[in-house]
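Step one of this worksheet: look at the structure below.
The values are calculated or read from the model by the stated rules, or taken from the named source; none is laboratory data. Remember, it's a predicted structure, so these values are computed and weren't measured experimentally. Using ideal geometry, Cβ is built from the backbone for each residue, glycine included, and neighbour counts are taken over all protein chains shown.
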């Protein structure tokens, strides 16, 4: 079974980021990881990247970050990831 998509979903709040990774395979099999929470700070962003590298299933497909934009609270993470 070959993965075709890997996405980190981010729920943003003023103080925290709740994340999980979802994958879709060629036969549309889906899986979603347990959620984890990080601080909405630069230190939290670095921990988030480290976590995403450890839990990632495949290095061969792009990893997308999607986030729910709450006011301005998502902006620092978006700038950090870009």
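For the reader, a short list of remarks on this structure follows.
- Residue 4 meets the conditions (1) assigned to a strand (DSSP E or B); (2) surrounded by 15 or more Cβ atoms within 10 Å (Cβ to Cβ) in every case but one. The failed one is (2).
- Every residue from the range 72-82 that is exposed (fewer than 13 other Cβ atoms within 10 Å of the Cβ) and either over 16 Å from residue 13 (Cβ atoms) or touching a residue at least 40 places away in the same chain (Cβ under 8 Å) (or both): 79, 82
- Counted residues, the range 27-47 - those being modelled with pLDDT under 95 and either on the phi > 0 side of the Ramachandran plot or out of contact with any helix residue (DSSP H, G or I) (no Cβ under 7 Å at 6 or more places or on another chain) (or both): 8
- Members of the range 35-69 found to be touching a strand residue (DSSP E or B) at 6+ places or on another chain (Cβ under 6 Å), exposed (fewer than 12 other Cβ atoms within 10 Å of the Cβ) and in a loop (DSSP other than H, G, I, E, B), listed by number: 35
- Tally, over the range 70-82, of residues that are modelled with pLDDT of 90 or more, within 11 Å of residue 17 (Cβ to Cβ) and part of a loop (DSSP other than H, G, I, E, B): 2
- When restricted to residues that are surrounded by 14 or more Cβ atoms within 10 Å (Cβ to Cβ), farther than 16 Å from residue 80 by Cβ and more than 12 Å from the chain's Cα centre (by Cα), the range 14-34 contains 2.
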